[in-house]
Amino acid sequence: MPNKSSIPLSWRLNKSIYRLVGNKCKRCGTFFFPSRDICPKCRRKGDIEEVVFSGEGEVYSYTMINVAPKGFEQQTPYLIGIIKLKEGPLITGQIVRPNNNIEIGKKVYAVFRKLTEDSKSGIIKYGFKFKIKD
Amino acid sequence: MKHVAVIGVGQTKFGELWERSLRSISLEAGIRAIEDAGIEGREIQALYIGNMSGMFTGQEHLSALAADMSGLNPIPTVRCEVACASAAAAFRQAYLSLLSGQYDIIMAAGAEKMTDLMGSGVLTTLMGAGDQEWEGSFGVTFAGLYALMARRHMHEYGTTQEQMALVSVNNHKNAVNNEYAQFRFPISVDDVLNSPIIASPLHLLDCSPITDGAAAVIMATEDAVKKLKIENPVWILGSGQASGQLALHDRESLTKIDSTIVAAKQAYEQSNLKPDDINYAEVHDCFSINEILAIEDLGFCKKGEGGKFVEDDKINTEIKINSTGGLKAIGHPVGATGIRQIIDIVRNIRDRGGIGLAQNIGGSGATCVVNILGDNYAK
Ligand SMILES: [Zn+2]
């Protein structure tokens, strides 16, 4: 099984998932979230620099998930969005309720929330979700 | 240019085969292909087999197991994995190996035993074909990924849920006479729209099912076809494969699949054919929206007009698309589907001649393999 409860996996992603740390290529100006080790356009000629994203953006697409994978069964139904961040990149994440006014183009901002809880003794994973502005 | 043909095809029934094991379905498909080719079996020099995930059964290393069970040891074997496109990739690797001159006769196959795993574990395993760290970790499912594409297609081009439903309706209608299909009954647009929502806007009947099944083909070079006196070879006219971004959010658009566009261009160029020349197409309708994307990306209509193309029944009148039921109604044993598509193209060509195309997608489009086959490479 993909190790949802992997402590090393959560640990190495903490910075990005807690604080929206990504990066950009200084050579071509492209922003990346999640961060990339090399710029796909400039490849080894690129020059990568860490960036903290604002978390501001708008809904690019969305879906309400009614049938969940392992670890998310208790959360259904939940809303997943692809968010277009102000800085440019698209990013996948959950959109918190109330979400009855969801539509493409709605402004959102990132909030810090519990993502999953791995049974009574496993780890609790925190990170960003998005909330609709208004 | 050397030429390669499919000379034998075989498959199991597709469905929930609780009484069958991964090894037994792989063996059955292989034996049927050998019998169909009219060869003894000892002539096979290598085996390539598609199989998406050992997580369904716990069994990795299926290629060696399949050769062992078939008595084909000690031929070299390789298991190919590019998610749901694994079988088409096995077919293409076999094709390239034959072109290389190293071999004359190869078996390409695909097998998946999905129902050995139950419940949400299946969805988690399938999601392994997406980006685990940046999609899967937020609770996105495969239906969710295609729902995100569907929503965007509706937004940009006005595609409707009714048009998507018509894809499933047509595929169910086409599977009624397919003895290998999982679902051999017709459904209506209302049935689709009234079925439970899995990931909005996609309903249960927009989604291909969880299926067990295996499929195999025997492929041979032109010299071997002559030597074996094969009477009904179906020739590979063009083949292409491409990759794209694994995660949806890394793409410039959610309403096209670049890997399809690139793989199709390669296959059209090699075969010197155009979309207009294709008589039959097996496209990857893992979710109804993906048949609409395929129709557009393969060039059968303009971008954004796929929904209308379906609504106007051009999937039956202009070109026969998924004429045997597609993934929706035949079933989608992920690592076997690509070879099943080839087999249905071969059967169509054997019966009626002409030219067929098979498009097999891996994941949400990070891989696509397109193959074009015909009754005559000299046309
Ligand atoms: Zn760059």
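Converting phi to 3J(HN,Hα) with the Karplus coefficients 6.51, -1.76 and 1.60 and the offset θ = phi - 60°, segment B:353-359 yields x, x, 10, x, 10, 10, 10 Hz in sequence order, with x at every glycine or proline. For the pair B:His61 and B:Lys2, a Förster radius of 35 Å applied to the C-beta separation gives a FRET efficiency near 0.65, rounded to the nearest 0.05. Rounded to the nearest 10 square angstrom, B:Glu252 shows an accessible area of 140 square angstrom against a 1.4 Å probe. Computing FRET efficiency as 1/(1 + (r/R0)^6) for A:Cys28 and B:Glu133, where r is the C-beta to C-beta distance and R0 is 22 Å, gives about 0.35. Inter-part distance, segment B:217-282 to segment A:61-124, computed on C-alpha centroids, equals 37 Å.
Can you find, among B:Gly362, B:Tyr157, B:Ile339, the residue farthest towards the positive end of the dipole of chain B? Put +1 on the C-beta of Lys and Arg, -1 on that of Asp and Glu. Positive-most Cα among the choices belongs to B:Ile339.
Distant-in-sequence amide contacts of A:Ile95, defined by a placed amide H-H separation under 5 Å and a gap of 5 or more residues or a different chain, comprise A:Leu79, A:Ile80, A:Gly81, A:Phe130.
Segment A:Asp47..A:Ile124, full-extension length gain: 24.2 nm, with 0.36 nm per residue of separation and the alpha-carbon distance subtracted. Note on A:72-82: average number of Cβ atoms from other chains within 10 Å of each residue's Cβ is 4. Within straight cross-link reach of A:Lys133, meaning Cα distance under 22 Å, which lysines are found once same-chain residues fewer than 8 apart are removed? Excluding near neighbours in sequence, the set is A:Lys84, A:Lys86, A:Lys106, A:Lys107, A:Lys114.
Ignoring ligands, DNA and RNA, what percent of the accessible area of segment A:55-134 is carbon or sulfur (1.4 Å)?
Roughly 49 percent of what the probe reaches on segment A:55-134 is carbon or sulfur.
Please report, in debye to the nearest 20, how large the charge dipole of chain B is about its Cα centre when each Lys and Arg carries +1 at its beta carbon and each Asp and Glu carries -1 there. Write out the running numbers ahead of the final one.
On the way: 31 positive and 45 negative charges, 120 e Å.
Using only the charged Cβ atoms, the result is roughly 580 debye.
Using a simple spin-label model with pseudo-atoms 7 Å out from Cα toward Cβ, B:Glu35 and A:Gln74 lie 5.2 nm apart. Per-residue ellipticity at 222 nm, computed for the protein assembly as shown from helices alone with -39500 (n - 2.57) per DSSP H run of at least four residues, works out to -9000 deg cm²/dmol. The calculated pair-distance distribution of the protein assembly as shown uses every alpha carbon pair, bins of 10 angstrom beginning at 0, and gives 4, 20, 29, 25, 16, 6, 1, 0 percent. Estimate for me the total accessible surface buried between chains A and B (protein heavy atoms, probe 1.4 Å, no ligands or nucleic acids), in Å² to the nearest 100. By this definition, chains A and B bury close to 3100 Å².
Here chain A is treated with +1 on each Lys and Arg Cβ and -1 on each Asp and Glu Cβ, and its dipole about the Cα centre works out to around 340 debye. Within the listed set B:Asp258, B:Asp276, B:Asp344, the Gaussian network model of chain B (springs between alpha-carbon atoms below 10 Å) gives the highest mean-square fluctuation for B:Asp276. One chain, two ends: B:Gln270 and B:Gln102. Fully extended at 0.36 nm per residue, the span grows by 58.3 nm beyond their Cα-Cα distance.
Output ³J(HN,Hα) for segment B:225-235: one whole-Hz value per residue in order, computed from phi by the Karplus curve 6.51 cos²θ - 1.76 cosθ + 1.60 with θ = phi - 60°, and x for Gly and Pro. Coupling constants for segment B:225-235: 4, 5, 4, 7, 6, 6, 8, 10, x, 10, 8 Hz.
Rg(Cα) of segment A:41-113 divided by 2.2 N^0.38 Å?
On the way: Rg = 15.1 Å, N = 73, 2.2 N^0.38 = 11.2 Å.
Expressed relative to 2.2 N^0.38 Å, the Cα Rg reads 1.34.
The values are calculated or read from the model by the stated rules, or taken from the named source; none is laboratory data. Given the structure is predicted, the values throughout are model-derived calculations rather than measurements. Backbone-built Cβ (ideal geometry, glycine too); neighbour counts: all protein chains shown. Side chains are part of the model used for accessible areas, which takes the heavy atoms of the whole protein and leaves out ligands, DNA and RNA. Shrake-Rupley method; radii C 1.70, N 1.55, O 1.52, S 1.80 Å.
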